[in-house]
Amino acid sequence: MGVLYDYFRAADDAAAIGLMAELDGGPVAVSGGRPGVDAIDLKGIEPAVTLGKLVGFVRGLAWSTNLIEQRLIWSGGDEGPWLMVLDDATRDTLASITAAQSPELSARWGQIEELAWGEPLPPDELLPVIEEISALARRAQAAGHHLYCWCCL
């Protein structure tokens, strides 16, 4: 199966942790949505490397392990699920992605080994993902919220 990743926005860590209590540990993104929860399901796109490479492309930087700062704020135990908060610089970088940038970003991002699995993805395949994560980041930024990543094995 693989690891699942949901990204969402919340006002602060207490609100995000409170959501874990309400949802009995998650998942956060579900078909049809949940009232009051702005979340997206990005399946195997984890924050440190895969999302980090997109952030690096936007910033014009090579990927490094500290490109995205994330902090574990909640855990359901040794086998998860887990909840991390992403730094606001990552939120702001994702929010800055324009429609004009998206095609080139999709083509580049689709070539990384974490997504390509031996063969580059079609250049426009990741456009919907880029649009989803950048729109979520813009909504978080506009509301003064932070971005969170829920993950589960």
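The values are calculated or read from the model by the stated rules, or taken from the named source; none is laboratory data. What you see is a predicted model, and the numbers here were worked out from it, not measured in a lab. Note that we place each Cβ from the backbone using ideal geometry, even for glycine, and neighbour counts take in every protein chain shown. Please note that ligands, DNA and RNA were not included when accessible areas were found on the heavy atoms of the full protein model with its side chains. Shrake-Rupley method; radii C 1.70, N 1.55, O 1.52, S 1.80 Å.
Okay, here's what the table says:
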| quantity | calculated |
| --- | --- |
| Any hit, the stretch 70-78, residues being out of contact with any Leu (no Cβ under 8 Å at 6 or more places or on another chain), at pLDDT 95 or above, surrounded by fewer than 16 Cβ atoms within 10 Å (Cβ to Cβ) and not basic (K, R) | no |
| Count - residues of the stretch 96-123 that are in contact with a Ser or Thr (Cβ under 7 Å, 6 or more places away or on another chain) and more than 17 Å from I45 (Cα to Cα) | 2 |
| Unmet requirement for T50, which otherwise passes all of (1) out of contact with any Asp or Glu (no Cβ under 7 Å at 6 or more places or on another chain); (2) of a type in the set (S, T, N, Q); (3) within 21 Å of E114 (Cα to Cα) | (1) |
| Any pair with Cβ under 6 angstrom, 6 or more apart, that starts in the stretch 41-64 at a residue that is acidic (D, E) and ends at one that is at pLDDT below 95 and open to solvent by less than 50 Å² (accessible area, probe 1.4 Å) | D41/A29 |
| Members of the stretch 117-153 found to be free of Cβ contacts under 8 Å to residues at least 12 places away in the same chain and within 16 Å of the chain's Cα centre (by Cα), listed by number | P128, A135 |
| Per-region count, the stretch 79-116, residues assigned to a helix (DSSP H, G or I) and touching a residue at least 24 places away in the same chain (Cβ under 8 Å) | 15 |
| Subset of the stretch 12-26 (residues that are modelled with pLDDT of 90 or more and either of a type in the set (V, I, T) or surrounded by 15 or more Cβ atoms within 10 Å (Cβ to Cβ) (or both)) | D13, A16, I17, L19, M20, L23, G25 |
